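Asker: What follows is a single structure, and I will ask about it in a moment.
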Ligand code: PLP
């Protein structure tokens, strides 16, 4: 049996494998180092008790004859679809247009099945590596990149780029922590409509937007319901990265050229490749969207944003220009001409901090580091003290 050539061509796990190797090598020579990770984009705070109680209650119900349920619906139970429509989209999206899933990453992967092998895509550079990885792994070949950097306010003139079938956008952005404005999104929606492209809008970090002037969903943009598919997630909204729950929105007006609603084919994909989310995740999701759940999860997001503010203040105080970290849990640190891996090694060696080299998110990330603000407050405070005490690492 021949190996699928797509796997030979593309290795998207390179970044965290390489970080792991360097950290391991460092630990071997410094066994007593108390490393702090500002690298991984994963939540750290425990689930709020109101959510845990509902998950436990559902587990107990499943242990009774009356409460037992088998397979859930592949597209998601009505109750959760209605709750997401109400709480996330203020009922501007119909529950029928919302598909519940086991997470945004899984839907981003399944998304590729909607389109043939010749489909082309545009992606921001730097970007979450899963977009291009899933494109290549599904046998597609053409990817165009939009260089996003401080010079172009993290969004270039998309009008000047070649037309592609798909445009991937992530806002708030992983890794840069920047958020696309109404104006920027309007330009992209206009182009997508004119060129008959679809937008995949990844809103996994929408819960971190605090500035009311910024769009929390692409559907705030007029015309977006004709061209945009949005993925959402409970991972960073409610700490469900290990519980697994997300959703995809496909408005009834997003149709292929011959008129078929994309949601029709999406239903085929999810009923074929997926068997619905666990009843426990669903119970947790419903609890997260009650008033009590929303208050508790927002407070947790606020605590990560406070971490981000502290890290940003610290980095700026020691001479690094930073982006993001205000409406997002990530900071994008400009290394003033230093190389991503070199400064990564420096932070590891001198401050015992694990960061993420920006270049791991694409060519445009060279010269930057991503700092993640997920972490316990005490650890972030300690990280901040270490940064101040080693001061100008870039000159070492
Ligand atoms: N989208 C982005 C931009 C992410 O950074 C991540 C996770 O880090 C995901 C999606 C994955 O979300 P989920 O946990 O819902 O699969």
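The values are calculated or read from the model by the stated rules, or taken from the named source; none is laboratory data. Fair warning: this is a prediction, and the values are worked out from it, not measured in the lab. FYI the Cβ positions are ideal-geometry reconstructions off the backbone, even for glycines, and counts take in every protein chain you see.
Asker: Only residues that are in a helix (DSSP H, G or I), under 25 Å from residue 368 (Cα atoms) and either within 16 Å of the ligand (Cβ to nearest atom) or in contact (Cβ under 8 Å) with a residue 24 or more places away in the chain (or both): list them for the range 149-173, please.
Answerer: Of all residues in the range 149-173, those in a helix (DSSP H, G or I) come to 150-152, 158-160.
Keeping just the survivors that are under 25 Å from residue 368 (Cα atoms) gives 150-152, 158.
Within the range 149-173, 150, 158 meet the criteria.
Asker: Quick check on the range 288-303. Is at least one of its residues at pLDDT below 95 and assigned by TED's automatic domain parsing to the domain that holds residue 21? Reasoning before the result, please.
Answerer: Just the residues of the range 288-303 that are at pLDDT below 95, to begin with: none.
Looking for residues that are at pLDDT below 95 and assigned by TED's automatic domain parsing to the domain that holds residue 21, one finds none in the range 288-303, hence no.
Asker: To continue, here is another question. Taking helices (runs of 4 or more DSSP H) that do not extend beyond the range 1-71, which have at least 1 residues that are at pLDDT 95 or above, more than 16 Å from the ligand (Cβ to nearest atom) and closer than 24 Å to residue 128 by Cβ? Working first, answer last.
Answerer: Numbers: elements: 5-9, 14-29, 49-62.
Fully inside the range 1-71 and qualifying: 14-29.
Asker: If I ask for residues that are more than 11 Å from the ligand (Cβ to nearest atom), closer than 14 Å to residue 168 by Cα and assigned to a loop (DSSP other than H, G, I, E, B), which ones from the range 116-141 would you list?
Answerer: 119, 120, 126
Asker: Taking the range 87-120, which residues are touching a residue at least 40 places away in the same chain (Cβ under 8 Å), more than 17 Å from residue 130 (Cα to Cα) and out of contact with any strand residue (DSSP E or B) (no Cβ under 7 Å at 6 or more places or on another chain)?
Answerer: Across the range 87-120, the qualifying residues are 87, 89, 92, 94, 96.
Asker: Answer with yes or no whether residue 334 is modelled with pLDDT of 95 or more, touching a strand residue (DSSP E or B) at 6+ places or on another chain (Cβ under 6 Å) and over 29 Å from residue 46 (Cβ atoms).
Answerer: yes
Asker: State whether one or more residues within the range 190-207 are in a loop (DSSP other than H, G, I, E, B), more than 12 Å from the ligand (Cβ to nearest atom) and modelled with pLDDT of 95 or more.
Answerer: yes
Asker: Do we find a residue being within 13 Å of the ligand (Cβ to nearest atom), surrounded by 22 or more Cβ atoms within 10 Å (Cβ to Cβ) and at pLDDT 95 or above anywhere in the range 266-279?
Answerer: For the range 266-279, residues within 13 Å of the ligand (Cβ to nearest atom), surrounded by 22 or more Cβ atoms within 10 Å (Cβ to Cβ) and at pLDDT 95 or above: present.
Asker: Run residue 361 past the list (1) touching a residue at least 60 places away in the same chain (Cβ under 8 Å); (2) touching a strand residue (DSSP E or B) at 6+ places or on another chain (Cβ under 6 Å); (3) under 28 Å from residue 241 (Cα atoms) and report the number of the one that doesn't hold.
Answerer: (2)
Asker: Can you give me the number of residues within the range 174-193 that are without any contact (Cβ under 8 Å) to a residue 24 or more places away in the chain and either within 20 Å of residue 254 (Cβ to Cβ) or touching a strand residue (DSSP E or B) at 6+ places or on another chain (Cβ under 7 Å) (or both)?
Answerer: 0
Asker: Just to be sure, is residue 234 within 16 Å of the ligand (Cβ to nearest atom), assigned by TED's automatic domain parsing to the domain that holds residue 116 and touching a strand residue (DSSP E or B) at 6+ places or on another chain (Cβ under 7 Å)?
Answerer: Details: within 16 Å of the ligand (Cβ to nearest atom): yes; assigned by TED's automatic domain parsing to the domain that holds residue 116: yes; touching a strand residue (DSSP E or B) at 6+ places or on another chain (Cβ under 7 Å): yes.
In short, yes.
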